[in-house]
Amino acid sequence: MIPVGAFVFLLLCVFGGFAISGGSIVAIMEALPFEMLTIGGSAIGSFAMANSVHVMKASLGGLKMVCGGSRYKKAEYTDLLGLLYRLVRLANGKGNMAIESHIENPKMSSIFLEHAKLLKNEEVVSIICDYFRMIGMDADDPHQIEDVMARELKKTLVEKMHPVHALQVMADGLPALGIVAAVLGVIKTMTHIDQPPAILGQMIGGALVGTFLGVLLAYGLVGPIASRLKQVVEEEARYLEVIRAILIAHLQGNPPQISIETGRKMVPNEFMPTFNNLEAALEQAQAG
């Protein structure tokens, strides 16, 4: 919930500084609903015109990712390394056909069932099973598998970046929409040019709220959300890169421990299990 708290802090600083300097919050509050309707409504409309339904749904789902951060922490990476260790150890010791029953029906696999949380992640399970299945079909050239996986993971990353780009485009357009709202306010003011200066000043102030609101939403809300979402998507992409590193190391003929250590080195430093912690987890997996 850090992003929510940070945005509240931002609002307190902006409006608090304005109020302390002698500004009237009441003037902003009076104009805010109408300016928000103009700017927010036009932003949503342009967002819907520029993006598919799939991207719009993914963008809404991205808000949850922004608040919660990456799904993959140290425990998830350790769990993944343990699962892959079991699979590559079985394939290395008894051949690729020994893991066929596990990858064909992972929900009934004794190996996958020991990693129940990971088993619920259909994307990860699908990638693991698909590439072990390819290896079982004699596609054992590490360069070929690495190339295919690299292209698939790149495609997946590009698709998951679509909401990021959509939100960033929206952020880039919000200042201009704020200017549109301000111009409309000026037009309204000019039609009341015969009013006293006090009234005209109030109307011009209300018009300028549109420019203020557009800039604030762009650089204080939507832009930071797009930036944070990009970070989370890239962090989660590293999880899949660990799978690729381990499978390629396995195909290159390395022992299971070396293959898993190769994958451990791909884990982000923040979540990387220590060598000793991973060794203890692998010993437990081996005992199992």
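Summary of computed values
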{"read-out": "Integer Hz, Karplus 6.51/-1.76/1.60 couplings in order for region 180-192, x for Gly and Pro", "value": "4, 4, 5, 4, 4, x, 5, 4, 4, 5, 5, 6, 10"}
{"read-out": "Sparsely packed trypsin sites (Lys or Arg not before Pro) within region 117-166, loop by DSSP, other Cβ within 10 Å at most 16", "value": "Lys120"}
{"read-out": "Segment Gln144-Ile187, length gained on full extension (0.36 nm per residue, minus Cα span)", "value": "9.1 nm"}
{"read-out": "Estimated [θ] at 222 nm from DSSP helical runs (n ≥ 4, -39500 (n - 2.57)) normalised by residues in the chain, nearest 500", "value": "-26500 deg cm²/dmol"}
{"read-out": "Where labels lie 7 Å past Cα in the beta-carbon direction, separation of Leu32 and Val4 in nm", "value": "1.8 nm"}
{"read-out": "FRET efficiency estimate (nearest 0.05) - Cβ-Cβ, Asp194 to Lys117, R0 51 angstrom", "value": "0.15"}
{"read-out": "Footprinting exposure proxy for Ser70, Ser227, Ser52 (fewest neighbouring C-beta atoms within 10 Å first)", "value": "Ser52, Ser227, Ser70"}
{"read-out": "Using θ = phi - 60° and Karplus 6.51 cos²θ - 1.76 cosθ + 1.60, couplings along region 242-259 (whole Hz; Gly, Pro as x)", "value": "4, 4, 4, 4, 5, 5, 5, 4, 5, 5, 7, x, 6, x, x, 4, 5, 4"}
{"read-out": "Charge context of Pro268, other residues only, Cβ under 9 angstrom, K/R +1, D/E -1", "value": "-1"}
{"read-out": "Sparsely packed GluC sites (Glu not before Pro) within region 242-288, loop by DSSP, other Cβ within 10 Å at most 10", "value": "Glu270"}
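Values in this text are rule-based calculations from the coordinates and carry no lab data. What you are looking at is a predicted structure, and each value in this text was computed from that prediction instead of being measured. Glycine gets a Cβ as well: all are built from the backbone with ideal geometry, and neighbour counts include every protein chain shown.
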